[in-house]
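First the structure, in the form of structure tokens, and then the observations on it.
The values are calculated or read from the model by the stated rules, or taken from the named source; none is laboratory data. As the structure is a computational prediction, the values presented were derived from the model and not from experiment. Neighbour counts are summed over all protein chains in view; Cβ atoms, including those assigned to glycine, are modelled from backbone coordinates with ideal geometry. Areas reflect the complete protein model, heavy atoms only, side chains present, ligands, DNA and RNA absent. Shrake-Rupley method; radii C 1.70, N 1.55, O 1.52, S 1.80 Å.
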Amino acid sequence: MGIKIVPRYGKSLKDRLYLPAIFGGMKTTISHFTKNLIDTSNIKTECYPEMQPNDITDRYRGVHRLTHREDDSVRCVACFMCATACPADCIFIEAVERTDGMAEKMPAKFSIDLLECVFCGGCVEACPCDAIRMDTGIFTFIAEKREDFVLNKEQLLNNTARKEEN
Amino acid sequence: MNIILISVVIVNIILALLFSLGAAPILVWVERRVAGFIQDRLGPNRCNIAGFRLGGLIQSFADMLKLVFKEDFRAGNIKERFIFRIAPVIVFVSAFLSFMVMPFADDLVIGTQTFIMQGLPLDFGVLWFLALAGLSVYGIILGGWSSNNKYSLLGSVRAGAQVISYEVSMTLALVSLLITYGSIHLVDIVNFQSGLIFGFIPAWGIIMQPVAAIIFIITSFAEANRTPFDIAEGESEIVGGYHTEYSAMKFGLFFVGEYVAMSASSALMVTLFFGGYNIPWVGTDTLKEHFDIVMIAIIVLLPLLSYKFGGWILKNNVWPKADDKRNNESKWLIRILVMMNIFVVLLLGSFLFFGVSATTTNIAVAIMQVATFAIKLLLMNFVFVWVRWTLPRFRYDQLQDLGWKVLLPISIANIFVTAIAIVAFGA
Ligand code: SF4
Ligand code: SF4
């Protein structure tokens, strides 16, 4: 077993004078300052909201959406798996019988309270038929009233997947 | 002749106000923008009036307005209401008054009269500064104590202990300086520094007394409660320190007071160590004698510098959205810059053409010295900001170690060395 000897700093005269280290640090900061002052385009800050972020990955958990079947009807079968998995208890489903033979049940109402939601993605994991996804890429959701933060079934169905922008 | 006297006094007071009070929003802006650039981000740049952002300076005014209109809240457990209220005033007033003795220019001669170019025409400047700087900590101590809250009390106790330990070394460093200069009148001190050593190095305090300069700079950081010595605020340890309980303009006074104190410290440093209003290598008399050459130099240099500056504005003052009104700003700034250039060049040109009287020369020299002082002051304030965003805060015991075990012995030794040198080689 090798012994690693860690060098101890701070005992030499140069270290104990402090000033050389301080001037070294000040040199570093001033070099950043002058570089950025001469050409502010060196700074990577994005002026949101004029510039929108372009580094949202595919796996980013944004606002939810409900997916569609091939015939554009709702894919959800109102099995309540997502509502059960949800740690924030913010999914509210009312089920009705489905008569077109696609499935036995479908949601009459399906709403998610975004003020309660913690964006954990548990609902997406829990869904057995890929009916709910969080791939819209919507990272900011704004409303004026508390009630407006509760998304209903139509709004969720209208959300679309984020388009790849290149 | 009384009109001249009154107008010079008024100009002096306005200048002192500008450099101290007027500097506060500018310093806040400088602090935030410099911090941004040092950390590779932008800092405040969004606030505007009709598209004018002035590089984000408008944000400072918005912040001040906000502080004025905020609710002035006082917690119910604060019993010493009078002291609680008076504490920020003490901090602010003493910081403000300590600025009043800084000389902006050499004594101005108009006709037969001589005026001292200071806010208050006193000739014991250094002592005035020390007295008021010591007083300002009372505001912090009283404010922290009357807040009736353990964090505030801790903050004020720290401030008290810190000022006691650092004021000693500061004063001792000053003593060795005063031995060198042989005067406590700041104008004399600055004029002493207008000479040259060995014929080519300006006889600035930092070259004559480097040790005292370093000690003085370190201790005035502590005196102004700035990082790395801002343990009285220590927001990572004791919430907000002495101003935890303060809100609205009472907090605003502490806040502005800190910047005014910083500006006053910088002014004293510039005066004591960096030649004050002196332009290096060019004394007051030289300026007056060769005023023609100086004017020609300005006429040539000003447009060149303005051209550079305008290019910088056009390159950097852009807003990412094309049709935003903020994008019109650069155009107007360039126009103002050009107008100012034309004005100055025409004025100086007419002076050159028609010749100038002695009084005009004196006033013009005074204006140039005020400008020099302002530039040096800004640079020194920049150093304060620069240090703040470079160094971490001291731990309390390290702070006391540094004050008592390092700075104090060195400053005492420095007095002895200086005194021996003065006795051996003459003043
Ligand atoms: S993301 Fe998490 S908290 Fe939000 S609805 Fe889905 S399961 Fe509930
Ligand atoms: S979204 Fe998925 S998990 Fe939730 S009720 Fe519909 S089918 Fe079930």
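Is the shape of the protein assembly as shown best called rounded, prolate or oblate, per the rule: a/c under 1.5 gives rounded, else a/b larger than b/c gives prolate, else oblate, with a ≥ b ≥ c the square roots of the Cα gyration tensor eigenvalues?
Prolate.
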With no solvent and one equal point scatterer placed on each C-alpha of chain B, evaluate the Debye formula and give log10 I(q)/I(0) for q = 0.07, 0.08, 0.09, 0.12 Å⁻¹, two decimals.
-0.39, -0.52, -0.65, -1.12
With every protein chain left in place and a probe of 1.4 Å, what is the accessible surface of A:His64, to the nearest 10 Å²?
0 Å²
Just want the answer: with Cβ charges of +1 for Lys and Arg and -1 for Asp and Glu, which residue in A:Ile5, A:Asn54, A:Ile142 is farthest toward the dipole's positive end in chain A?
A:Ile5
Which order do the peptides A:4-14, B:23-33 take when ranked by the mean count of other beta-carbon atoms within 10 Å per residue, highest first?
B:23-33, A:4-14
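Quick one: accessible area per residue over the protein assembly as shown, 1.4 Å probe, rounded to a whole number of Å²? Mind dumping the intermediate values first?
On the way: 31570 Å² over 593 residues.
It amounts to 53 Å² per residue over the protein assembly as shown.
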Which lysines have a Cα lying under 25 Å from the Cα of B:Lys288, excluding residues fewer than 8 positions away in the same chain?
B:Lys376
The simple spin-label model distance between B:Val338 and B:Ala297, using points 7 Å out along Cα→Cβ, in nm, is 2.9 nm
Accessible-area order (highest first, 1.4 angstrom probe) of the listed residues B:Leu391, B:Leu196
B:Leu196, B:Leu391
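What FRET efficiency comes out for B:Ile201 versus A:Gln52 if R0 is 56 angstrom and r is the Cβ-Cβ distance? Round to the nearest 0.05. Walk me through the numbers before you get to the answer.
Details: r = 56 Å, r/R0 = 1.00.
The computed FRET efficiency comes out at 0.50.
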Under 16 Å from a label point 7 Å along Cα→Cβ of B:Lys70: give me every residue in the stretch B:211-249 with its amide N that close.
B:235, B:239-249
With a point put 7 Å past each Cα toward its Cβ, work out how far B:Ala248 is from A:Phe141 in nm, to one decimal.
3.9 nm
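Take every residue in peptide A:40-47, count the Cβ atoms of other chains within 10 Å of its Cβ, and give the average of those counts.
On the way: counts 10, 3, 2, 7, 3, 6, 2, 6.
The mean count of partner-chain Cβ atoms within 10 Å per residue comes to 5.
If you take each beta carbon of peptide B:31-37 and count the beta carbons of other chains within 10 angstrom, what is the mean? If you can, show how the numbers build up before the last one.
Working: counts 0, 0, 3, 5, 2, 5, 11.
Across B:31-37, the average partner-chain Cβ count within 10 Å equals 4.
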Using a 1.4 angstrom probe on the protein heavy atoms only, line up B:Phe254, A:Phe80 by accessible area, largest first.
A:Phe80, B:Phe254
Phi-based couplings in Hz for the stretch B:205-210 (Karplus 6.51, -1.76, 1.60; Gly and Pro marked x)
x, 5, 8, 5, 9, x
Between A:Lys11 and B:Ala413, the FRET efficiency computed from the C-beta separation at R0 = 22 Å comes out, to the nearest 0.05, as 0.40
Which sequence of B:Ile78, B:Ile141 reflects their accessible areas, 1.4 Å probe, from the largest down?
B:Ile141, B:Ile78
Tell me, what is the FRET efficiency for B:Lys315 and B:Ile26 to the nearest 0.05, using R0 = 25 angstrom and their Cβ-Cβ distance as r?
0.65
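With a ≥ b ≥ c taken as the square roots of the eigenvalues of the C-alpha gyration tensor of the stretch B:275-409, please select rounded if a/c is under 1.5 and otherwise prolate if a/b is larger than b/c or oblate if it is not? The partial results should precede the final answer.
On the way: a/c = 4.02, a/b = 1.28, b/c = 3.15.
It comes out oblate by the Cα gyration axes.
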Separation between Cα centres of the stretch A:1-71 and the stretch B:258-332, rounded to whole Å
32 Å
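Run lengths n ≥ 4 of DSSP H only: what is the helix-derived mean residue ellipticity at 222 nm for the protein assembly as shown, with -39500 (n - 2.57) per run over all residues, to the nearest 500? Show your work: numbers first, answer last.
Values: 21 runs with 322 residues, N = 593.
When only DSSP H runs of four or more count, the value is -18000 deg cm²/dmol.
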Yeah, the stretch B:205-269 with a ≥ b ≥ c from its alpha-carbon gyration tensor (a/c under 1.5 is rounded, else prolate when a/b outruns b/c, oblate otherwise) is oblate
In the structure displayed, which of A:Lys35/B:Lys315; B:Lys66/B:Lys331; A:Lys35/B:Lys308; B:Lys79/B:Lys250 lie more than 24 Å apart, Cα to Cα?
B:Lys66/B:Lys331
Calculate the mean, over all residues of peptide B:383-393, of how many other protein chain Cβ atoms lie within 10 angstrom of the residue's Cβ.
3
Carbon and sulfur atoms account, in whole percent of the 1.4 Å probe accessible area of chain B, for 74 percent
Find how many whole Å separate the alpha carbon centroid of the stretch B:340-380 from the alpha carbon centroid of the stretch B:9-44.
23 Å
Applying the Karplus parametrisation 6.51 cos²θ - 1.76 cosθ + 1.60 with θ = phi - 60° to the phi angles of the stretch B:88-103, what ³J(HN,Hα) value in whole Hz is obtained for each residue in order, glycine and proline being reported as x?
x, 5, 4, 4, 5, 5, 6, 5, 5, 5, 5, 6, 5, 9, 6, x
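How much of the accessible area of the stretch A:1-106, probe 1.4 Å, is carbon plus sulfur, in whole percent? Spell out each step's value before the answer.
Numbers: 4530 of 7890 Å².
About 57 percent, which is the carbon plus sulfur part of the accessible surface.
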In degrees, nearest 10, the alpha-carbon axis of helix A:19-38 is tilted away from the dominant principal axis of the alpha carbons of chain A by 50 degrees
Compute the relative contact order of chain A as a whole-number percentage, counting only Cα pairs closer than 8 Å that sit 6 or more residues apart in sequence.
24 percent
Reduction of at least 30 Å² in accessible surface, 1.4 Å probe, comparing all protein chains with the chain by itself, residues of the stretch B:39-75:
B:Asp40, B:Leu42, B:Arg46
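Sorted by packing (mean other beta-carbon atoms within 10 Å per residue), highest first, where do B:302-314, A:109-121 land? Before the final figure, lay out the partial values.
Values: B:302-314: 13.5, A:109-121: 17.0.
With the highest mean Cβ count within 10 Å placed first, the list reads A:109-121, B:302-314.
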Please report how far the C-alpha centroid of the stretch B:64-84 lies from that of the stretch B:124-155, rounded to the nearest whole angstrom.
18 Å
Show me B:163-170, B:8-15 ranked by packing, highest mean number of other Cβ atoms within 10 Å first.
B:163-170, B:8-15
Taking 7 Å along the Cα-to-C-beta vector as the label spot, tell me the A:Lys27-A:Asp148 distance in nanometres, rounded to one decimal.
5.6 nm
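Working out 0.36 nm times the residue gap between B:Phe354 and B:Ile367, then minus their Cα-Cα distance, what length gain in nm do you get to one decimal? Could the numbers behind the result be given before it?
Values: separation 13, 0.36 × 13 = 4.68 nm, distance 1.99 nm.
Length gained between B:Phe354 and B:Ile367: 2.7 nm.
Probe radius 1.4 Å, ligands and nucleic acids left out: can you give me the accessible area buried at the B-A interface, summed over both chains, in Å² to the nearest hundred?
By this definition, chains B and A bury close to 2000 Å².
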Got the relative contact order for chain B handy, in percent, Cα pairs under 8 Å and 6 or more residues apart?
24 percent
